[in-house]
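Visitor: Got a structure here, written out as structure tokens. Questions coming.
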Amino acid sequence: MLGLLRRRGPSGFSPSSTAEEVTAGIDGCGLVAIVTGASHGIGTETCRVLALRGVQVVMGVRNTLSGARVREEIVRQIPTAKIEVLELDLSSMSSVRRFVKNFNALNLPLNILINNAGIAFVPFELSEDGIELHFATNHLGHFLLTDLLLEKIKVTAEQSDIEGRIVIVSSEGYKHAYREGIRFHKINDESGYSRFSAYGQSKLANILHSNELSKNLKEQNAKVVVNSLHPGEVCTNIMHHWAFLHGLMCTLGKFILKDVGQGAATVCYLALHPQVAGVTGKYFIDCNATDPKSPATDKELVKRLWDFSASLVH
């Protein structure tokens with residue numbers, strides 16, 4: 001088992017590699033990154049490691065008090081860290097728009113956008129915009145956020161001559177989406193709802209979003225790459241909506257799951273590593289590109305999802 005965890009792929013990294021290890025020696029000074037879901041788990045570790053490498057980080061968090069505590073702890077460890085905390089609830093389109101307005105008020109460029117925030121396995125619920133909560137939070141909020149920030153990322157890349165990067169955290173859970181992939185006509189239908197399939201549907205949408213955005217940016221000759229990833233099985237509070245499963249994972253996790261340093265490795269790799277330069281529209285596991293399975297490669301589904309998502313946010 002340990003041998004499998006340490007087996008290195010083409011990138012030179014393995015499932016046991018940590019975020020610090022995959023960014024060792026990389027100078028991120030002068031770069032600005034937004035990280036969503038930054039107040040806990042993989043998001044917190046991503047912020048810490050980016051700050052360690054000199055990146056100026058803007059934390060997007062639902063609870064600004066929790067975000068402030070995380071910021072204080074990172075600054076305590078890294079006195080030179082440059083970190084801002086802004087409120088962001090991905091399940092609310094008005095919150096997403098407010099976050100972008102507040103970010104723009106900082107007058108910062110934007111080199112890296114990390115769409116990390118997510119929920120998992122919640123009972124059926126609609127967002128304030130009337131959208132099933134997994135889909136609203138994990139996909140639609142990030143779709144709108146990316147859309148509103150895209151021009152800034154493109155302009156920053158053009159003016160700085162530094163490639164922009166968009167990193168979308170998905171999951172192998174995409175394989176357990178509903179049979180039809182995305183339930184377009186029943187997205188808000190409680191009948192037939194499955195918390196596993198709803199989560200899988202939102203994670204499938206993450207990969208499809210990444211693929212289509214990558215294609216669009218290539219057609220525009222924009223100097224921005226977009227990639228999605230599976231962080232691995234990590235014991236975080238993402239499953240706190242399901243107390244039994246959350247407790248079981250936390251009890252067994254230290255023996256069979258990744259820690260947050262390992263879980264954040266692929267995120268930080270895609271955000272900073274020079275090996276990723278020019279690489280776009282790929283799906284990564286353990287810092288290595290892999291081929292996702294259908295329906296994540298369905299070209300008709302990806303176009304339909306893009307149009308569907310655009311109609312909901314606009």
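Visitor: Taking the simple approach of a point 7 Å from Cα along Cα-to-Cβ for both Glu233 and Ser191, what is their distance in nm?
Guide: 3.5
Visitor: Let me ask another. Expressed as a rounded percentage, what relative contact order does the stretch 21-161 have, with Cα pairs under 8 Å and six or more residues apart?
Guide: It rounds to 24 percent for the stretch 21-161.
Visitor: While we're on this one: Given the DSSP H assignment, sum -39500 (n - 2.57) over each helix run of at least 4 residues in the chain and divide by its residue total; what's the result at 222 nm in deg cm²/dmol, nearest 500?
Guide: -13500 deg cm²/dmol
Visitor: Can you list residues whose amide H is under 5 Å from Phe13's amide H, if they're 5+ apart or on another chain and H is modeled 1.01 Å from N?
Guide: When sequence neighbours closer than 5 places are left aside, there are no close amide H contacts.
Visitor: For the stretch 40-161, what is Rg from Cα atoms divided by 2.2 N^0.38 Å, rounded to two decimals?
Guide: Computed over Cα atoms of the stretch 40-161, the ratio equals 1.09.
Visitor: Using modelled amide H (1.01 Å from N, peptide plane; none on Pro or chain starts), what sits under 5 Å from the amide H of Val58, excluding residues fewer than 5 places away?
Guide: When sequence neighbours closer than 5 places are left aside, the close amide H contacts are Ala33, Ile34, Val35, Glu84.
Visitor: Under 5 Å between amide H atoms, partner at least 5 residues away or on a different chain: which partners does Gly281 have, H built in plane at 1.01 Å?
Guide: Answer set, sorted by chain and number: Val226, Asn227.
Visitor: Oh, and also: Below 8 Å, C-alpha to C-alpha, sequence gap of six or more: please give me the relative contact order for the chain in percent. Before the final figure, lay out each step's value.
Guide: Working: 615 pairs, mean separation 65.6, N = 314.
For the chain, the relative contact order is 21 percent.
Visitor: At 30 Å minimum axial length over the Cα atoms and a Kyte-Doolittle cut of -1.0, report the qualifying DSSP H helices in the chain, or say none.
Guide: 195-219
Visitor: By per-residue mean of other Cβ atoms within 10 Å, what is the highest-first order of 299-305, 113-119?
Guide: My ranking of the peptides, most packed first, is 113-119, 299-305.
Visitor: Please label the shape of the stretch 86-243 as rounded, prolate or oblate, based on the square roots a ≥ b ≥ c of the eigenvalues of the alpha-carbon gyration tensor (a/c under 1.5 means rounded; beyond that, a/b larger than b/c means prolate, else oblate).
Guide: Prolate.
Visitor: Still on this structure: In terms of the Cα gyration tensor, with a ≥ b ≥ c the square roots of its eigenvalues, is the stretch 13-74 rounded because a/c is under 1.5, prolate because a/b exceeds b/c, or oblate?
Guide: Details: a/c = 2.34, a/b = 1.47, b/c = 1.59.
Oblate shape, in that a/c is at least 1.5 and b/c is the bigger or equal ratio.
Visitor: On a full-extension model of 0.36 nm per residue, what is the gain between Ser311 and Ser294, subtracting their alpha-carbon distance, rounded to one decimal in nm?
Guide: Stretched fully, the Ser311-Ser294 segment lengthens by 3.7 nm.
Visitor: Among the trypsin sites (Lys or Arg not before Pro) in the stretch 1-94, which ones are in a DSSP loop with at most 12 other Cβ atoms within 10 Å of the Cβ? Mind listing them? Provide the component values of the computation, followed by the final result.
Guide: Values: sites: Arg6, Arg7, Arg8, Arg48, Arg53, Arg62, Arg69, Arg71, Arg76, Lys82; in loops: Arg7, Arg8, Arg53, Arg62, Lys82.
Passing sites in the stretch 1-94 are Arg7.
Visitor: Whole angstrom only: what separates the Cα centroid of the stretch 189-214 from the Cα centroid of the stretch 94-120?
Guide: After rounding, the separation between the Cα centres reads 22 Å.
None of the figures in this text is laboratory data; all of them are computed from the coordinates on show. The model shown is predicted, which means the values in this text are computed figures rather than measured ones. As a convention, Cβ positions derive from the backbone with ideal geometry for all residues, glycine included, and neighbour counts pool all protein chains shown.
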